[in-house]
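The values are calculated or read from the model by the stated rules, or taken from the named source; none is laboratory data. Computed from a prediction, not measured in an experiment: that's the story for all the values here. Glycine also receives a Cβ, built like all others from the backbone with ideal geometry; neighbour counts cover every protein chain displayed. Calculation scope for accessible area: heavy atoms of the full protein, side chains included, ligands and nucleic acids excluded. Shrake-Rupley method; radii C 1.70, N 1.55, O 1.52, S 1.80 Å.
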Amino acid sequence: MRKLLSRGIALMLVMVMVLALAACGGGNDTPDQGNQPSNNTPSPGGSDSTEPDGEKVSSKDTMIVAIDREPASMDPAGNTVSMKRLMENAIYDTLLKFDSELTPTAALAESWEQLDDLTWQFNLREGVLFHNGEEMKASDVVYSFKRLEDHATSAPNVAKLDLDALEAKDDYTVILKTTEPYAFLEALLCNQGMSIVNENVVSAAGENYGREPIGTGPFKFVSWAAGDNIVIERNDDYWGDVALLKTITFRIITEAASRTIDLESGGVDMNLLVSATDADRIDSSPDTQLFRNTTTNIRYIAFNTQKDVFKDKLVRQAFYHATDVDIIREVVYTSNYSAPAISPVGPGLPGRNENLEPYTYDIEKAKQLLADAGYPNGVEVEFMYLANSQNNMLAEMLMDMWKDAGITLVLKPTESATLTSALNAGEHEMCSAGTSFQLVDPGDGLYRFFHTDNMNASTSRSKLSNPDIDALLDQIIVTTDAEKRNQMVKDVQVLIHEEAPFIYLAHPMGLVGASSNLRGFNTVVTSMYDFNYVYFVE
Amino acid sequence: MTKYILRRILMMIPVMMGVTLVVFTLLYITPGDPVDALLGDEATPEAAEQLREELGLNGGYFTRYFTYVGNLLKGDLGICYSTKQPVMDRIASAFPNTMKLAGLSLAIAVITGMLMGTISAIKQNSIFDHVAMFFAMVGNAMPNFWQGLLLMLVFALNWRLLPASGFTTWRHMILPAITMGTSSAAALARMTRSSMLEVIRQDYIDTARAKGQSELRVTIDHALKNALIPVVTTIGMQLGRQLGGAVLTESIFAVPGLGRLMVDAIRARNYPVVQSGVLVIALVFSVVNLLVDILYAYIDPRIGARYE
Amino acid sequence: MSVIEVKPELDMSDVKRRSQLQEIWRRFKKNKRALVGLVMLVILIIAALFAPVLTPYDPLEPNYANRLQSPNGSHWFGTDELGRDILTRVLYGTRISLTVGLIAVTISCIAGCVLGSIAGYYGGKIDNVIMRFIDVIMAIPAILLNISIVAALGTGLENVMIAIGISSIPGYCRIMRASILSLSGQEFIEASKAAGAKDLHIIVTHIWPNSLAPIIIQATLRIGGAILACASMSFIGLGIVPPTPEWGAMLSTGRDFLRDAPHLTAFPGMAIMFSVLAMNLMGDGLRDALDPKLKD
């Protein structure tokens, strides 16, 4: 009897301990719902030791940044992974760069002009040095672009460039031709995939280039401990604003909970991928601060229009009406840290059509449309998606919502590589995805999503093929006048909206967490953050 | 004895071949193309075909398997699909980390487990016995990923005693090692206790006591040594568990080890890395088993005699 | 994974067998820890069988107004990220965990025993081939093998059970083989062979009943392992299809809310611990009760 009692007490002690452990982890802070977005605008090049608001600059000049996965290489011709592009942004430069209004401005190219419909001239900055001391010349630019054609991952980016005609007129002048009038050329040149590499270094390294990158950027590569971290340090000979920090270490921490705990316990100074569920706490904690920015990213459900069940646009519209997008956005993406999505074009982007008629949450209308399309008794659809907790929530919500309209949703959570292959092969009936506009401009983004020519590419999950939409998209690409183009972009959104190939769910914000003594960090829509102006205060 | 060792080493060869065959076959039938995983957003059918050619993925089952084995025998472990680095380098940098972690966690498990088990056996049915065995069983029952996160919360965040993740200093090793070690500690404690109990009752213990040796001497000299056999078996088996437990623990604590490398590689369909990585792990496991068997021979010469 | 070799007792008469069972039960009862395990197991079985009766809530129906509530009067375990009652989901989750445990163990037990019987009985080359195959499975860490098998077959409950089943085969195989090796020399086997009995008949009627004890112990102890393995697979995202309330999947989703809503992970986690503990206590108790050498 005594033994049973002592064992019972031990059991209770353990349970209490476990609960206490778990509970102490939960913050006592009440999240502040109406918080101001804490966007720090920097005072660049601040070499004074005291800031205007009385803060004393710290001597700390190293920063540790947590990222979620390791890039395969830092070759701009490689694939697009946002962390990879971010580091390439620090190490390399491009000919042009987006300013805060998302207009391409001078970077490595000091000035440029369009000579005719197909020809452009770029005048390079003189005296720009690569990290190995060699000077950047026009020949490097020509080499950087020409090699993109040979890599499967970068070839689509340069499809509109006439690379045979690309030439270095002299050491600091590049003549670039396009195959047809291309409205997005300047935007393309801002993309990290078009970074300028050193011809000698890359041709010597051959296939293996990318583990020891050499660029012209504000930071130079120092070391790479595979699977663990990448270290870069300040380029003191940078042609632009020399960075304030000396060293940045990027630590690879795949587990989201670990990244947040590391930020809050001071193990890292910045977490580039804060999840929406942690954002409130990071914002309100005195030890940390939250940066947020709107992005071009859109989360959506795509209907595969090539599959029988979704061939008819009435069916797609019915599904849309059966979906309560607001509650989905609130539960899955959190209302505070995402923007409502009424169109694939995100808020703040030029050409966004604010007046599209939303598909209201209307179960009766959904049932009616389904009946009109020939499914009076409902329909069964398979949902293939990447198995993670956010998508699971989305799937469960859809399953529950749609059964009211007679739609039976069969869930098929799939492992990452299997999913990508299945989606690329067009096997899905509907899927969930999130995509960003690589070139920022909606004209290019919408082309990648909805043009028939792009139907078999991975960005076109709905495989929509509509000749009217195609015609308009084709026109947009060759219209260089921005105002005319924006109007056409607005028009094509109306057509697309009518076709309902997607259900737009949300525009998630970019969320970055940092320790509270960090200053000088700017958020940008492209999420290609610069670290030049970052510094610490006491 | 040497003949036995040689025979065992020879038998490892077909087992290792078996491992490569099983892993290769599993990967072969797994849907999901590494090419799609590599191309990401830029996937077009033409790009995919081009990459497939480059990576040599167009051969049939036997062609690809024999190419792999052929290269393996030449010492070429292949090239990692994503980084284009030799697989050997990737594994060589990840392997020591996992070994250090597994070693430390096994040490923690052995020391705490055997200590708890021995004391429990000596003081059988006391409060200590019951509480210790209970904690041991709880440790065994707790999912290690949950345990890892809780430890991280308490020690890294609330008490700021230890770093949350990474693997640079010795202090980084503590939390992951404890996470991995506790479940094995439990198994060892129970095994030590029961085999000690069995041995303590044997007649020769009473003889030793009758001869007047101190209680401690009796314990160490006779009881422990004879109890060691099943315990050593358990240690050998727990190493297999450590290598497995490392997979989740390394992900949570951001340890750049072999376990995490394997999971990421399977996800990305990075075939060369998976095939060679699992082979390395299997090799280590087999070698450790062999060492355990040799250890038996030293502990108990009667077993050693059986090896001839 | 605990493997023990127990010398099976020879027993030919029914009367002796009946009183032997009583003896086993008596020894089991005396072991307080084992009784606790039995009680815990009964609790689990009741939860699994009577879940709909024990709770008024639906485990699958979202309730968006009630999300992430801490444990309170109407929701003893709180609510989850979609507003569902966690106590209800934990209770329904018992069905899944017990099913996975039982079926995975059954698969590995049957496959392992068959392989072990063949290996032990026929010996020679067949034995060698089978044991090398077992070595191969043992050399690959179980979780990696599980991940590979599920990646190959696809996510879902059935495939997870198959994967866990396959990776647990070695234990049973070795036990059965050891058991046969120690029995083969015995006289009654020789007698049966001499009388012309077929191999299969001998294996099934004489060898298997006498090897029951260590197999049962292994199976009981392994159910806990299967539950943990299933939870690990769900944690990685390769397990159960939602909205099934499986404990590991609940832990995995709850991990996003670890800091602000710890009850999402605490209760499924404790449920896992409770089940594994129950099976381990039972298994230990059975081992003590079935092994005549250990007198209390």
Yes/no for A:V492 being of a type in the set (A, V, I, L, M) and either at pLDDT 95 or above or more than 30 Å from A:T62 (Cα to Cα) (or both) | yes
Within segment A:231-257, the residues that are over 13 Å from A:M63 (Cβ atoms) and within 14 Å of chain B (Cβ to nearest Cβ) are A:I252, A:I253, A:T254, A:E255, A:A256, A:A257
Hey, among C:L281, C:L290, which residue is farther than 30 Å from C:L153 by Cα, surrounded by 24 or more Cβ atoms within 10 Å (Cβ to Cβ) and not hydroxyl-bearing (S, T, Y)?
-> C:L281
In segment A:94-127, what residues are surrounded by 19 or more Cβ atoms within 10 Å (Cβ to Cβ), in contact with a Lys or Arg (Cβ under 9 Å, 6 or more places away or on another chain) and assigned to a loop (DSSP other than H, G, I, E, B)?
-> A:A107, A:L108
Inspect all residues belonging to segment C:127-148 and state whether any of them is facing another protein chain (nearest Cβ under 7 Å), on the phi < 0 side of the Ramachandran plot and of a type in the set (S, T, N, Q).
-> yes
Specify which of the listed residues (C:S252, C:S192, C:S179) is closer than 30 Å to B:S251 by Cα, in a helix (DSSP H, G or I) and of a type in the set (S, T, N, Q).
-> C:S252
Taking B:L188, is it assigned to a helix (DSSP H, G or I), touching a Gly at 6+ places or on another chain (Cβ under 9 Å), within 14 Å of chain C (Cβ to nearest Cβ) and closer than 22 Å to B:V263 by Cα?
-> no
When residues of segment A:138-181 are filtered for being of a type outside the set (S, T, N, Q), open to solvent by 60 Å² or more (accessible area, probe 1.4 Å) and assigned to a loop (DSSP other than H, G, I, E, B), how many remain?
-> 3
Of everything in segment A:449-481 that's crowded, with 19+ Cβ neighbours inside 10 Å and in contact with a strand residue (DSSP E or B) (Cβ under 8 Å, 6 or more places away or on another chain), which residue is farthest from A:N79 (Cα to Cα)?
-> A:S462
Kindly check whether there is at least one residue in segment C:215-227 that is more than 25 Å from C:R287 (Cβ to Cβ), part of a helix (DSSP H, G or I) and hydroxyl-bearing (S, T, Y).
-> no
With criteria (1) hydrophobic (A, V, I, L, M, F, W, C); (2) in contact with a Leu (Cβ under 8 Å, 6 or more places away or on another chain); (3) closer than 15 Å to A:D444 by Cα, A:V174 comes up short on (3)
Scope segment A:400-430; condition within 14 Å of chain B (Cβ to nearest Cβ), in contact (Cβ under 8 Å) with a residue 60 or more places away in the chain and touching a helix residue (DSSP H, G or I) at 6+ places or on another chain (Cβ under 7 Å); matching residues = A:H428
Matching residues in segment B:112-134 (more than 10 Å from every other protein chain (Cβ to nearest Cβ), farther than 17 Å from B:T182 by Cα, in a helix (DSSP H, G or I) and open to solvent by 70 Å² or more (accessible area, probe 1.4 Å)) number 2
Kindly check whether there is at least one residue in segment C:263-273 that is assigned to a helix (DSSP H, G or I), open to solvent by 10 Å² or more (accessible area, probe 1.4 Å), out of contact with any helix residue (DSSP H, G or I) (no Cβ under 6 Å at 6 or more places or on another chain) and under 24 Å from C:V42 (Cα atoms).
-> yes
With the condition kept exactly as written, say whether any residue in segment C:56-65 is out of contact with any His (no Cβ under 8 Å at 6 or more places or on another chain), part of a loop (DSSP other than H, G, I, E, B) and under 30 Å from C:T220 (Cα atoms).
-> yes
Run down A:N132, A:N79 and say which single residue is in contact with a Gly (Cβ under 6 Å, 6 or more places away or on another chain) and of a type in the set (S, T, N, Q).
-> A:N79
Mind listing whichever residues of segment C:237-260 are surrounded by fewer than 22 Cβ atoms within 10 Å (Cβ to Cβ) and more than 7 Å from chain A (Cβ to nearest Cβ)?
-> C:T244
If A:L148 passes every condition in (1) within 14 Å of another protein chain (Cβ to nearest Cβ); (2) aliphatic (A, V, I, L, M); (3) without any contact (Cβ under 8 Å) to a residue 24 or more places away in the chain but one, which one does it miss?
-> (3)
Kindly indicate the residue of segment C:14-57 that is within 12 Å of chain A (Cβ to nearest Cβ) and open to solvent by 80 Å² or more (accessible area, probe 1.4 Å) and also farthest from B:Q124 (Cα to Cα) among those meeting that condition.
-> C:V39
Within segment A:483-523, count every residue that is open to solvent by less than 50 Å² (accessible area, probe 1.4 Å), out of contact with any Phe, Trp or Tyr (no Cβ under 7 Å at 6 or more places or on another chain) and more than 30 Å from A:D287 (Cα to Cα).
-> 8
Read through the list (1) of a type outside the set (D, E, K, R); (2) in a helix (DSSP H, G or I); (3) open to solvent by less than 30 Å² (accessible area, probe 1.4 Å); (4) away from chain C (no Cβ under 14 Å), then give the number of the only condition that A:L349 fails.
-> (2)
Has segment C:150-168 got any residue that is within 12 Å of another protein chain (Cβ to nearest Cβ), in a helix (DSSP H, G or I) and either more than 30 Å from A:S421 (Cα to Cα) or polar (S, T, N, Q) (or both)?
-> yes
For segment C:76-90, indicate whether the set of residues that are without any contact (Cβ under 8 Å) to a residue 12 or more places away in the chain and either open to solvent by 50 Å² or more (accessible area, probe 1.4 Å) or among the aliphatic types (A, V, I, L, M) (or both) is non-empty.
-> yes
When restricted to C:I103, C:I107, the only residue away from chain A (no Cβ under 14 Å), in contact with a Gly (Cβ under 7 Å, 6 or more places away or on another chain) and more than 16 Å from C:H263 (Cα to Cα) is C:I107
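Let's see how each residue does on (1) acidic (D, E); (2) over 30 Å from C:L60 (Cβ atoms); (3) open to solvent by less than 30 Å² (accessible area, probe 1.4 Å); (4) assigned to a helix (DSSP H, G or I):
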{"site": "C:T106", "(1), (2), (3), (4)": "no, no, no, yes"}
{"site": "C:C113", "(1), (2), (3), (4)": "no, yes, yes, yes"}
{"site": "C:N128", "(1), (2), (3), (4)": "no, yes, no, yes"}
{"site": "C:F133", "(1), (2), (3), (4)": "no, yes, no, yes"}
